[in-house]
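Here is the structure we will look at, set down as structure tokens.
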Amino acid sequence: MGAGVVTLLAVAVIINYVDRGNLATAAPLMKDELRLSASQIGLLFSAFYWTYIPGQLVSGWLAERINAWRTLTIGFCIWSLATALSGVAAGFAVLIGLRLMLGIGESAIFPCSSKLIAEHVPTERLGIVNGAIATGLGLGPAFGTLAGGLLMARYGWRATFLFFGLASLLWLLPWLSATHEARVQDRGLQRSGAPGIFAILRRRAAWGACIGHLCTNYAFYFVISWLPLYLVKVRGFSVPQMAALGAMIYLVFAASSNIAGWLSDRWTESGASANRVRKTFMLAGQLGVAAAMLGCAFGDRTVCVASLFLAAIFFGPGSANVYTIGQILAGPRAAGKWVGVQNCIGNFSGIIGPIVTGFIVDRTGEFFWAFAVACGVTLFGMVAWGLIIPKVAPLDWPEAKA
């Protein structure tokens, strides 16, 4: 798999997070125009994951069944159209339906990309490739928050959804061109059968990765979902100020992901075991994010902003290694289904987190306990990555019929 395909996968992740994050950027405007409560905003954030989570299992199965290239193309079309249609949504119920559609489409990105990476990238390069793709987790919200915030301030949130959704479809042109030969070759490729979902769930390491992924996602999704509303309504930033500050935070996260991926691979190449390298990066990332959440909970406006930048730095080690660990454990045969299962369970934080946060904010009128909960969940993730996973090393899978 060449650098061009890796770049296109990274761009797809950027678009993925721009399209799913538009709602967070638009939340201050939508809340006023549609007269939505914090709990309704939380439900809109959460609804995406109602289909995104089970869609992980379907996408992982399709990546094995009809190949990862084609599955990702179909999913991309669905999520781009859902984004565009959100711009003409008449009310809360329609927005819920379109968030469900968005979740179906976006569920393809990580099982498919992980399947392709596990098949075509050597183990000692997994960190830098996953780090490059994880850049999209930072650049997507950065671009979406900055460009989306500025566009919404001038043209409104509806025009912005339409623009981003239709513009996203342009990605398909280079993707179909760059992967044509690979897709043709893949049709005739006979693979040994991948282990089933229940075979994966019988492994202790799978549960460690799933629980760890859920805890890692909780704080990240909390930030990308509630940051715009929090900065505007609680900390008193204007929408353009929020957009600029949010973009800078996400850019730091993107740079941290690349650096963490590069450093982890360099450490591996120097002779350190994958277990030592990947666990060290994951544990350090969890501890740093937990400290940042405490800073936001207890600090004033200045400390809060500094803590958000600290969180961005420590999101990087986790994002560069969370899928790397799954790819190593599963191996090429099982990577698509494994990451489908891992991302499925890991993204329950996307359902739980927004609802819990909305409930806390409505009941208390502040974000203190929301940040405290994010800190506690993140710290528990250290147990999953450090103890529940016995060792980060390839697992043996019994031969199965293709």
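The values are calculated or read from the model by the stated rules, or taken from the named source; none is laboratory data. For clarity, every value in this text was computed on a predicted model and none was experimentally measured. Heads up, the Cβs are rebuilt from the backbone with ideal geometry, glycines too, and the neighbour counts pull from every protein chain shown.
Taking the stated definitions as given, is Gly288 in a helix (DSSP H, G or I) and more than 19 Å from the chain's Cα centre (by Cα)?
Numbers: in a helix (DSSP H, G or I): yes; more than 19 Å from the chain's Cα centre (by Cα): no.
No; evaluated as a whole, the condition is false for this residue.
Being in contact with a helix residue (DSSP H, G or I) (Cβ under 9 Å, 6 or more places away or on another chain) and surrounded by fewer than 17 Cβ atoms within 10 Å (Cβ to Cβ) is the filter; apply it to region 200-222 and report the residue that is nearest to Phe348 (Cα to Cα). Please lay out each step first, then the result.
Looking only at region 200-222, we keep the residues that are in contact with a helix residue (DSSP H, G or I) (Cβ under 9 Å, 6 or more places away or on another chain), and these are 200-201, 203-222.
Pick out the ones that are also surrounded by fewer than 17 Cβ atoms within 10 Å (Cβ to Cβ) and you get 201, 204.
Working: Leu201: 16, Arg204: 19 Å.
Here the answer is Leu201.
Going by the structure shown, is Ala374 within 21 Å of Leu44 (Cβ to Cβ), surrounded by 21 or more Cβ atoms within 10 Å (Cβ to Cβ) and not polar (S, T, N, Q)? Break it down stepwise before answering.
On the way: within 21 Å of Leu44 (Cβ to Cβ): yes; surrounded by 21 or more Cβ atoms within 10 Å (Cβ to Cβ): yes; not polar (S, T, N, Q): yes.
Yes, satisfied.
Which of the residues that make up region 148-162 are surrounded by 16 or more Cβ atoms within 10 Å (Cβ to Cβ) and within 19 Å of Ala247 (Cα to Cα)?
Narrowing region 148-162 to residues surrounded by 16 or more Cβ atoms within 10 Å (Cβ to Cβ): 148-153, 157-158, 160-162.
Across region 148-162, the qualifying residues are Gly148, Gly149, Leu150, Leu151, Met152, Ala153, Trp157, Thr160, Phe161.
Being loosely packed, with under 13 Cβ neighbours inside 10 Å and either at pLDDT 85 or above or within 16 Å of Gly60 (Cα to Cα) (or both) is the filter here, so list the residues in region 186-199 that pass it. Quick ask: steps written out before the conclusion?
Within region 186-199, the first condition is being loosely packed, with under 13 Cβ neighbours inside 10 Å, and the residues that meet it are 187-192, 198.
If the condition is that a residue be loosely packed, with under 13 Cβ neighbours inside 10 Å and either at pLDDT 85 or above or within 16 Å of Gly60 (Cα to Cα) (or both), then Arg191, Ser192, Phe198 are the ones that fit.
Could you please tell me which pairs satisfy a Cβ distance under 7 Å, a separation of 6+ or placement on different chains, a first residue in region 26-46 that is at negative phi, and a second residue that is among the charged types (D, E, K, R) and part of a helix (DSSP H, G or I)?
Pro28/Lys233; Ser37/Asp362; Ala38/Asp362; Ser39/Asp362; Ile41/Lys31; Leu44/Arg99
Of all residues in region 51-72, how many are more than 14 Å from Ser107 (Cβ to Cβ) and within 19 Å of the chain's Cα centre (by Cα)? Walk me through it before giving the result.
First, the residues of region 51-72 that are more than 14 Å from Ser107 (Cβ to Cβ): 64-67, 69-70.
Going one step further and asking which of them are within 19 Å of the chain's Cα centre (by Cα), we end up with none.
Of the residues in region 51-72, 0 are more than 14 Å from Ser107 (Cβ to Cβ) and within 19 Å of the chain's Cα centre (by Cα).
Search region 59-112 for residues being assigned to a loop (DSSP other than H, G, I, E, B) and touching a Ser or Thr at 6+ places or on another chain (Cβ under 8 Å), and hand back the single one that is nearest to Leu172 (Cα to Cα).
So the first thing to find is which residues in region 59-112 are assigned to a loop (DSSP other than H, G, I, E, B), and the list is 66-67, 87-91, 107-108.
Retained after the next criterion (residues that are touching a Ser or Thr at 6+ places or on another chain (Cβ under 8 Å)): 87, 107-108.
On the way: Gly87: 21, Ser107: 17, Ala108: 15 Å.
Ranking the qualifying residues of region 59-112, first place goes to Ala108.
Could you run through region 77-104 and say how many residues are surrounded by 24 or more Cβ atoms within 10 Å (Cβ to Cβ) and farther than 11 Å from Gly165 by Cβ?
Here the count works out to 2.
Can you tell which of Arg125, Arg183 is out of contact with any Cys (no Cβ under 7 Å at 6 or more places or on another chain), surrounded by fewer than 24 Cβ atoms within 10 Å (Cβ to Cβ) and modelled with pLDDT under 80?
On the way: Arg125 fails: modelled with pLDDT under 80.
Going through Arg125, Arg183 in turn, just one is out of contact with any Cys (no Cβ under 7 Å at 6 or more places or on another chain), surrounded by fewer than 24 Cβ atoms within 10 Å (Cβ to Cβ) and modelled with pLDDT under 80: Arg183.
Looking only at region 22-32, which residues are buried (at least 24 other Cβ atoms within 10 Å of the Cβ) and more than 16 Å from Ala159 (Cβ to Cβ)?
Of everything in region 22-32, those that are buried (at least 24 other Cβ atoms within 10 Å of the Cβ) and more than 16 Å from Ala159 (Cβ to Cβ) turn out to be Ala24, Ala27.
Looking at region 329-366 only, could you name the residues that are farther than 18 Å from Ala63 by Cβ, surrounded by 22 or more Cβ atoms within 10 Å (Cβ to Cβ) and touching a Ser or Thr at 6+ places or on another chain (Cβ under 8 Å)?
Step one: filter region 329-366 for residues farther than 18 Å from Ala63 by Cβ, giving 348-366.
Retained after the next criterion (residues that are surrounded by 22 or more Cβ atoms within 10 Å (Cβ to Cβ)): 349-350, 353-354, 357-358, 361.
Within region 329-366, Gly350, Gly353, Pro354, Thr357, Gly358 qualify.
What number of residues within region 225-262 satisfy the criterion of being outside any helix (DSSP H, G or I) and either crowded, with 24+ Cβ neighbours inside 10 Å or not hydrophobic (A, V, I, L, M, F, W, C) (or both)?
So the answer is 3.
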